[in-house]
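To keep things clear, I will list the structure first and then write my remarks on it.
A short reminder: the numbers here are calculations on the coordinates, not readings from a lab. Here the structure is a predicted model, which is why all the values come from computation and not from measurement. Cβ: placed from backbone, ideal geometry, glycine included. Neighbour counts: every protein chain shown.
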Amino acid sequence: MSADLILTITDRSRGGDFSAWFREQGATLVLTALGRGTATTEVLDCLGLEATEKAVLLCMLPSRKGLLRKAAKDLWLDVPGRGVMMAVPVSSTGASAKNYLLQGEAEDRMEKKLTHELIVVIANQGATDQVMDAARAAGATGGTAVHAKGTGTELAKKFFGVSLASEKELIFILASAETRKPIMKAIMEKAGMQTEAQALAFSLPVTDLAGLRQFNVE
């Protein structure tokens with residue numbers, strides 16, 4: 001039996017609509033964080049867009065065939081500017097958490113070739129531009145940054161030999177399976193632990209996706 005973590009990035013003004021839709025699909029808990037797009041001023045000017053603040057929503061739902069296609073239809077995700085939604089498979093869930101989050105529902109996951117992965121970068125506050133410059137040079141089209149606070153910095157010094165700042169940027173970059181590796185390599189070379197950004201990066205498989213066209217201009 002399987003479940004997906006559904007991650008959505010949209011304008012803050014639309015966060016309530018997405019949250020309500022998730023609840024209609026049976027989500028018992030929807031988490032919302034405030035983020036911002038990472039498009040350069042030049043890109044925004046060329047596209048005639050203004051920089052927008054983002055809402056990053058996360059919830060867990062049973063793996064359902066066609067769920068994101070339904071979201072694309074109900075929430076108009078094929079229209080540029082509406083948002084992007086992706087499904088990340090959950091490998092395990094505590095029994096009590098599963099009953100609460102999934103209401104005992106889940107279905108067998110069908111094997112599916114992955115076309116995209118979600119790169120998650122943890123970097124020092126203020127390092128988003130440094131990370132994204134490296135990522136774009138390797139083929140990334142955009143990303144979304146969320147402010148976060150880190151813990152465990154003392155333990156990190158033991159592994160990396162450097163002190164880590166507690167104020168962090170959490171950066172989400174959606175990449176094709178082909179560009180994921182060069183993007184991550186570029187980030188670690190140009191914004192890695194031995195730089196001021198002190199970035200760490202990892203990737204998660206994306207089993208389904210809706211709204212990609214809009215994400216490409218973020």
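Observations on the model:
- Cβ-based net charge around Lys149, under 13 Å, with every Lys or Arg adding one and every Asp or Glu removing one: -1
- In a fully extended conformation the segment linking Glu196 and Lys73 would gain 40.0 nm over its present Cα-Cα distance, using 0.36 nm per residue.
- Note on Glu24 and Lys149: with the Förster distance fixed at 30 Å, the Cβ-Cβ geometry gives a FRET efficiency of about 0.40.
- Derived scalar couplings ³J(HN,Hα) [the range 168-185; Karplus, 6.51 cos²θ - 1.76 cosθ + 1.60; whole Hz; x for Gly, Pro]: 10, 10, 9, 10, 9, 10, 8, 10, 5, 4, 6, 9, 4, 5, x, 5, 5, 4
- For the residue pairs Lys65/Lys181; Lys54/Lys181; Lys54/Lys168; Lys54/Lys185; Lys168/Lys190, the alpha carbons lie more than 24 Å apart in Lys65/Lys181; Lys54/Lys181; Lys54/Lys185.
- Summing Lys and Arg as +1 and Asp and Glu as -1 over all other residues whose Cβ lies under 13 Å from the Cβ of Ala33 gives a net charge of +3.
- Couplings 3J(HN,Hα) for the range 59-64, derived from phi with the Karplus relation 6.51 cos²θ - 1.76 cosθ + 1.60 (θ = phi - 60°), are 8, 10, 9, x, 4, 9 Hz, where x marks Gly and Pro.
- Summed side-chain charge close to Thr128 - residues other than Thr128 whose Cβ falls under 10 Å, Lys, Arg +1, Asp, Glu -1: -2
- Spin-label model distance (nm) - Leu114 vs Glu167, 7 Å beyond Cα toward Cβ: 3.4
- Around the amide H of Gly26, modelled in the peptide plane, lies no amide H under 5 Å away from a residue 5 or more places distant or on another chain.
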